[in-house]
1. Quick one: which residue in 44, 82, 24 is open to solvent by 50 Å² or more (accessible area, probe 1.4 Å) and modelled with pLDDT under 95?
2. When you go through (1) under 30 Å from residue 369 (Cα atoms); (2) in contact with a strand residue (DSSP E or B) (Cβ under 7 Å, 6 or more places away or on another chain) one by one for residue 316, which number turns out not to apply?
3. Taking region 85-99 as the region of interest, how many residues are more than 16 Å from the ligand (Cβ to nearest atom) and either of a type in the set (Phe, Trp, Tyr) or at pLDDT below 95 (or both)?
4. Answer with yes or no whether residue 176 is more than 20 Å from residue 404 (Cα to Cα) and free of Cβ contacts under 8 Å to residues at least 60 places away in the same chain.
5. I'd like to know if region 362-369 contains one or more residues that are in contact with a Pro (Cβ under 8 Å, 6 or more places away or on another chain) and either crowded, with 21+ Cβ neighbours inside 10 Å or hydroxyl-bearing (Ser, Thr, Tyr) (or both).
6. For region 100-111, name all the residues that are more than 10 Å from the ligand (Cβ to nearest atom), among the hydrophobic types (A, V, I, L, M, F, W, C) and buried (at least 17 other Cβ atoms within 10 Å of the Cβ).
7. Condition first: farther than 14 Å from residue 325 by Cα and either open to solvent by less than 30 Å² (accessible area, probe 1.4 Å) or within 12 Å of the ligand (Cβ to nearest atom) (or both). Now tell me which residues in region 389-408 satisfy that.
8. Considering every residue within region 338-352, establish whether at least one is touching a residue at least 60 places away in the same chain (Cβ under 8 Å), surrounded by 17 or more Cβ atoms within 10 Å (Cβ to Cβ) and out of contact with any Pro (no Cβ under 6 Å at 6 or more places or on another chain).
Amino acid sequence: MGRVRVRAEPLELILYQSDAGTARGQASVVCFPESIDDLSFAIRAANRHRVSFVARGSGTGLAGGATPVANSLVIVMTRMNRILEVDPVGRVAWVEPGVLNLDLTRSVRHLGLHYAPDPSSQQACTIGGNVGTNAGGPHCLSAGVTSTHVLAADVVLGNGEIVRLGGLEPDAVGYDLRGCFVGSEGTMGIAASIAVRLTPDPPETRTLLADFTSVDAAAETVSGIIAEGIVPAALEMMDAPITRLVEEFVGAGYPLDAEAVLLIEVTGLIGGVDAEVDAIRRVALEHGARQVKVAITEQDRMLLWKGRKSAFGAIAKVAPDYYLHDIVVPRTRLVEVLKRVYEIAAEQDLLVMNVFHAGDGNLHPLFVFDGSEPGIWERVYAAGDGIVQACLDAGGVLSGEHGIGLEKRDYMSLAYSADDLDAQARLRDAFDPDGFANPEKILPAGSRCGEMKRAPEGTWI
Ligand SMILES: Cc1cc2nc3c(=O)[nH]c(=O)nc-3n(C[C@H](O)[C@H](O)[C@H](O)COP(=O)(O)OP(=O)(O)OC[C@H]3O[C@@H](n4cnc5c(N)ncnc54)[C@H](O)[C@@H]3O)c2cc1C
């Protein structure tokens, strides 16, 4: 690779020392492959020098997945950003991993198609990063998360070898190696091209805004809608602090005095959609909604979504720092876990806001603070520990979409037995026996039977 595609100036390396999460690491070198051969060459070079490597898309990840540890080589995939092939009949596209999520949908819009997983970061994050984290998004409730939409990937393994995982055929036989790879956060190699499903645009769409005088009533409505047999395309919830903030920021028409709002979208054929709107309105009113507004025109719908999608921009008005959690609880436990989140925030004297994919029980408690305040990080992390414990106590899981990375790595032993962790470590070793691909992520030290049981805190930083 030439000089342009490899950088090692100390100031530039600082740019790649973390993703959008809180963990900081240290890169030794950064490179920018432009082809699968460049990528394989970079990985082989790293192998020769016994240096580990980490894939990086746009670095919008929140779990430290792209944060370099052990002086890794950072392999930035954003120059591999071509849409290689679109098959509108088979509804499949082959793309390079650096294609931005929203750019893929924009490029097939004229065909009446879109790429369904829509993380709130979709203007900035890459398809490769989405595959790495098995990303979700508001419209993954009915459409399914990234794994449902990835058919195959050409992957460069930890030793530089190129393999194809998965395929376009409908019922592949054998082990689902593609399924293992999606969500592996770069620990099983780096995707160099990806075949994704394209989804037809729905004929009709309605977006509803229901507002409530209590968070409990909104959370109970979420379960009520699903219990009615309706799986909306999206079912998002925002509590009072974030709703007010967003409304003042973008003027989306959200009520300033609501304790919580639900943003609900239904799609399908016109008759079916209108029947679902009626049923959802009834369920919401039965659970105490004050009003249910229905947006039909594209302009009105976009305004409601603008509010939801501006949530993270709006918080910058309150304080310079935030810590966004990502946990999943059974929908039926939403009310009690949310209560516990507010209690934990009060115990640690922290401002918390909640904006999340309520339909799939994916909570995102968001702490907003000024990181320069003495002792604040300790309180934020203590609150995080409490939230993780509350989620596990309720039968939940550690992450719905951001992944484990460094952030949740040391919680894995709370959720999995030693035997489970050992099995996962052996699966990872099958893809990367030398352990060069994104080391120290996902699995805590001591996961393999016979290893020491726990690494000292903070060894990666
Ligand atoms: C404001 C905001 C909103 C967000 N909303 C959502 C949301 O709604 N849903 C959601 O799921 N996430 C969300 N995220 C988190 C983040 O955007 C996603 O995790 C996204 O998938 C990361 O993509 P990226 O290109 O930035 O990847 P990076 O952060 O660069 O990398 C993420 C992980 O993928 C690995 N990786 C990157 N490229 C490849 C590759 N080619 N092959 C294999 N592994 C690879 C990396 O090593 C790392 O482990 C949000 C983040 C922000 C800042």
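The values are calculated or read from the model by the stated rules, or taken from the named source; none is laboratory data. Just so it is clear, the structure is predicted and the values come from calculations on it, not from any experiment. Because the Cβ atoms are built from the backbone with ideal geometry, glycine has one as well, and the counts that use them run over all protein chains shown. To get the accessible areas, we keep the full protein, side chains included, count just its heavy atoms, and leave off ligands, DNA and RNA. Shrake-Rupley method; radii C 1.70, N 1.55, O 1.52, S 1.80 Å.
1. Values: 44 fails: modelled with pLDDT under 95; 82 fails: modelled with pLDDT under 95.
On inspection, the qualifying residue turns out to be 24.
2. Just one mismatch for residue 316, condition (2).
3. The qualifying residues number 0.
4. Spelling it out, residue 176 is indeed more than 20 Å from residue 404 (Cα to Cα) and free of Cβ contacts under 8 Å to residues at least 60 places away in the same chain.
5. Going through region 362-369, the residues in contact with a Pro (Cβ under 8 Å, 6 or more places away or on another chain) turn out to be none.
The answer is no; no qualifying residue exists.
6. From region 100-111, those more than 10 Å from the ligand (Cβ to nearest atom) are 102-111; that's our starting set.
Now drop any that are not among the hydrophobic types (A, V, I, L, M, F, W, C), which leaves 102, 104, 108, 111.
Listed by number, the residues that qualify are 102, 104, 108.
7. 394
8. The answer is yes; a qualifying residue exists.
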